[in-house]
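Participant: Dropping a structure here in structure tokens format, bear with me for questions.
The values are calculated or read from the model by the stated rules, or taken from the named source; none is laboratory data. Note that this is a predicted model, so its numbers are computed, not measured. Cβ coordinates were reconstructed from backbone atoms using ideal geometry, including for glycine residues, and neighbour counts include every protein chain displayed.
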Amino acid sequence: MRIPVVVLTAGLLSAALPACKPKLTELPTFSTERKLLQMVVEIPAGTNHEQLYDPATGEFRRVQRAGTDRQVEFLPFPGNYGFVPGTHSAAVPSRPLPILLLAETQPAGTVVEVLPVGLLLLDNAGMLEQVVLAVPARPSQRILPDITTWAELLKQYPSVKESLRIWFQHRGNDGEVRVMGWKDEKAAEQQVRVAMQ
């Protein structure tokens, strides 16, 4: 009796593998080896085009408004914007907790170990949105040397609050987003724990 041999070409193999690939939203919140907070980059720093990860397809898709791709009509994203896997946002429970990584641009889909340094509270069109502010856990990836806490960030870069406030307020339509407050790294870590439930 002959046993058939199945040969997968590169195209068939790549088509078969996505089913095996875990959804980025289902990755662990903390890295397995180092137990550090992880984030998934959705929008690389330096772009004006908004996109979201779609767990159903495993792809990144442009955010649309009124049938056209949404674009920030202001300065580009000041950091890598994404989400903390394994969490749920209080503002939109179907979405993970948002996070802004203050670092050099990273491609969409990159998973980065991070240190939370603060928490930004926004009123986004009437909904409370909480955005974790973070820096890379690896010192070699940091553009803000020696910054691992909110106090250090404010001491060395006192204008960071004003810069981020202006950017977030201009991210949406006029008057749509307001900064409600800022909290430190402990509050950010606590929000991550709450969002994991």
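Participant: Spot the failing condition for Gly46; the list is (1) over 24 Å from Pro22 (Cβ atoms); (2) among the small types (Gly, Ala, Ser); (3) part of a loop (DSSP other than H, G, I, E, B); (4) in contact with a strand residue (DSSP E or B) (Cβ under 8 Å, 6 or more places away or on another chain), and only one is missed.
Facilitator: Looking at each condition in turn, Gly46 falls short on (4).
Participant: Could I ask something else about it? Taking the range 142-169 as the region of interest, how many residues are touching a strand residue (DSSP E or B) at 6+ places or on another chain (Cβ under 9 Å) and exposed (fewer than 13 other Cβ atoms within 10 Å of the Cβ)?
Facilitator: 1
Participant: Got a number for residues in the range 170-186 being at pLDDT 95 or above, assigned to a strand (DSSP E or B) and buried (at least 16 other Cβ atoms within 10 Å of the Cβ)?
Facilitator: 3
Participant: Checking Phe60 against (1) surrounded by fewer than 21 Cβ atoms within 10 Å (Cβ to Cβ); (2) in contact with a helix residue (DSSP H, G or I) (Cβ under 8 Å, 6 or more places away or on another chain); (3) modelled with pLDDT of 90 or more, which test does it fail?
Facilitator: (2)
Participant: Taking the condition of being within 19 Å of Phe168 (Cα to Cα) and of a type in the set (Ser, Thr, Tyr), how many residues in the range 104-125 meet it?
Facilitator: 1
Participant: Considering the range 37-51 alone, what residues qualify as being surrounded by fewer than 16 Cβ atoms within 10 Å (Cβ to Cβ) and not small (Gly, Ala, Ser)?
Facilitator: Going residue by residue through the range 37-51, those that are surrounded by fewer than 16 Cβ atoms within 10 Å (Cβ to Cβ) are 46, 48-49.
Once the filter is applied, which keeps residues that are surrounded by fewer than 16 Cβ atoms within 10 Å (Cβ to Cβ) and not small (Gly, Ala, Ser), the range 37-51 yields Asn48, His49.
Participant: For the subset of the range 22-74 comprising residues that are touching a His at 6+ places or on another chain (Cβ under 8 Å) and β-branched (Val, Ile, Thr), which member is farthest from Thr148 (Cα to Cα)?
Facilitator: Val72
Participant: Further question on the same structure: Checking Trp167 against (1) of a type outside the set (D, E, K, R); (2) under 19 Å from the mean Cα position of the chain (by Cα); (3) part of a strand (DSSP E or B): exactly one of these is not met. Which one?
Facilitator: Checking Trp167 against (1) of a type outside the set (D, E, K, R); (2) under 19 Å from the mean Cα position of the chain (by Cα); (3) part of a strand (DSSP E or B), the one that fails is (3).
Participant: Provide a single number: the residues in the range 25-43 that are aliphatic (A, V, I, L, M) and either assigned to a loop (DSSP other than H, G, I, E, B) or at pLDDT below 95 (or both).
Facilitator: Residues of the range 25-43 that are aliphatic (A, V, I, L, M), as a first pass: 27, 36-37, 39-41, 43.
With the extra rule that they be either assigned to a loop (DSSP other than H, G, I, E, B) or at pLDDT below 95 (or both), the set shrinks to 27, 36.
Residues that pass the stated criteria total 2.
Participant: Quick one: which residue in Ala151, Ala137 is of a type in the set (Gly, Ala, Ser) and closer than 20 Å to Leu97 by Cβ? Explain how you work it out, then say what you get.
Facilitator: Working: Ala151 fails: closer than 20 Å to Leu97 by Cβ.
Only one candidate passes the filter, namely Ala137.
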